[in-house]
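Everything on this sheet refers to the single structure shown next.
Bear in mind that the values in this text are calculations on the coordinates, not laboratory data. No experiment lies behind these values; they were computed from the predicted model shown. Backbone-built Cβ (ideal geometry, glycine too); neighbour counts: all protein chains shown.
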Amino acid sequence: MKSLGAALLILLAGCYHATVETGATPSTVVIDKEFASSWIYGLVPPDPVPTMERCPNGVAKVETQHTFVNQLVGLLTLGIYTPMQIKVTCAAT
């Protein structure tokens, strides 16, 4: 039982985080979806973030991560519902 608790603690301690930078100059406009819904351990990805209206000059940076709360929800649903946070920074003019 101790090893199971230690394994869960280790798994929940790390947060998956990926950043993609396009090289464009970032603006102050940020689109943040804290609970983008993905399913079955991410095999069914979340819907695309609608950036066309809010980012007329394109996108400077996209960050995705599984926060502690996102991972906790995934654990409680046995991986069926696995939300993630998506943050998009629009490009400046």
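Quick notes on this structure:
- Label point at Thr22 placed 7 Å out along Cα→Cβ; residues across region 39-55 whose backbone nitrogen lies under 19 Å: 47-55
- The H on the amide N of Asn57, modeled in the peptide plane, is under 5 Å from the matching H of Ala91, each at least 5 residues off or on a different chain.
- Degrees between helix 2-13 axis and first principal axis of the chain (Cα, 0 to 90, nearest 10): 0
- Each Cα pair under 8 Å and six or more residues apart adds its separation to the average, and for the chain the resulting relative contact order is 41 percent.
- Here each label is just a point 7 Å from Cα along the line to Cβ, and for Thr93 and Ile80 those points are 5.0 nm apart.
- Inter-site label distance for Val69 and Ser37 at 7 Å from Cα along Cβ, in nm: 1.7
- Rounded to the nearest 20, the Cβ-based charge dipole of the chain about its Cα centre (Lys and Arg +1, Asp and Glu -1) stands at 200 debye.
- Per-residue 3J(HN,Hα) values for region 18-26, derived from phi via the Karplus relation 6.51 cos²θ - 1.76 cosθ + 1.60 with θ = phi - 60°, read 9, 10, 10, 10, 8, x, 6, 6, x Hz in sequence order (x marks Gly and Pro).
- By the helix-only formula, in which each DSSP H run with n ≥ 4 contributes -39500 (n - 2.57) and the sum is divided by residues, the chain has a 222 nm mean residue ellipticity of -6500 deg cm²/dmol.
- Positive-end residue, the chain charge dipole about Cα centroid, Cβ charges, pick of Phe35, Ala24, His66: His66
- Working note: Cα atoms of the chain, range along each principal axis, descending, whole Å: 56, 20, 17.
- The gain in end-to-end length when the Glu53 to Val29 segment is fully stretched comes to 7.5 nm, 0.36 nm per residue minus the alpha carbon separation.
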